[in-house]
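What follows is a short report on a single structure.
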Amino acid sequence: MSYTIFAHSELEWVPRGDDDTRSIARLSDSMTQSRANLWRYSPGARGKRHADHGQEEVFVVLDGTLTVDLGEPPERHELSPGSVLVVQPGTILQLRNAGSDELVLFIYGAPAVSGQAEFFPDVP
């Protein structure tokens, strides 16, 4: 049996890079059949608008409020802590923190594939 424990106090938060104010605690390196990471979004931060054609994804709001634009045309939703969003492959989405507090998300995807995303212009 193999397992990994990620203690909250020992999580390594790595900046996403460039002008991106998001940071990530990588859990996926310990997984073989799926992917999962913790994300921090500072107020005003947003991800790229995209559709992942290879994975279904689950987004769990741990802290703060997630604002997500789903579909085409985009439909905006706000999810409070404890909310869960399940997105099927091919669904266009954009995640953002439109609030004034930090947003923390647990994001899970399966199968463990990457590089199958298609990107679209941001939603204002």
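Throughout, read-outs are computed from the coordinates displayed, never taken from laboratory work. Just so we're clear, the structure is a prediction, and the values are computed from it rather than from any experiment. No Cβ is skipped: glycine too gets one built from the backbone with ideal geometry, and neighbour counts run over all protein chains shown.
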- Message: Give me the one-decimal nm value for the distance between modelled label points at Q88 and E56, 7 Å along each residue's Cα-to-Cβ direction.
- Response: 0.9 nm
- Message: Please list, by residue number, everything in the range 42-58 whose backbone N is under 13 Å from a paramagnetic label point 7 Å out along Cα→Cβ of E118.
- Response: 50-54
- Of the candidate values (1) 46, 32, 30; (2) 35, 27, 24; (3) 64, 18, 17, the one computed for Cα extents along the principal axes in Å from this structure is (1)
- Query: Any idea what the dipole of the chain comes to, in debye rounded to 20, about its Cα centre with Lys/Arg Cβ at +1 and Asp/Glu Cβ at -1?
  - Reply: 80 debye
- Total charge of the residues flanking P81 in space, meaning their Cβ is under 15 Å from its Cβ, with Lys and Arg +1 and Asp and Glu -1, is -3
- Fully extended contour minus Cα-Cα distance, from A110 to D18, at 0.36 nm per residue: 30.4 nm
- Just check the range 62-124 against the gyration tensor rule for me: Cα atoms, a ≥ b ≥ c as the square roots of the eigenvalues, rounded for a/c under 1.5, and otherwise prolate or oblate depending on whether a/b exceeds b/c. oblate
- Query: Quick one: if you stick a label point 7 Å off each Cα along the C-beta vector at Q33 and S100, how many nm between them?
  - Reply: 4.5 nm
- Pairs of Cα atoms under 8 Å, at least six residues apart: use those to get the relative contact order of the chain, whole percent. 31 percent
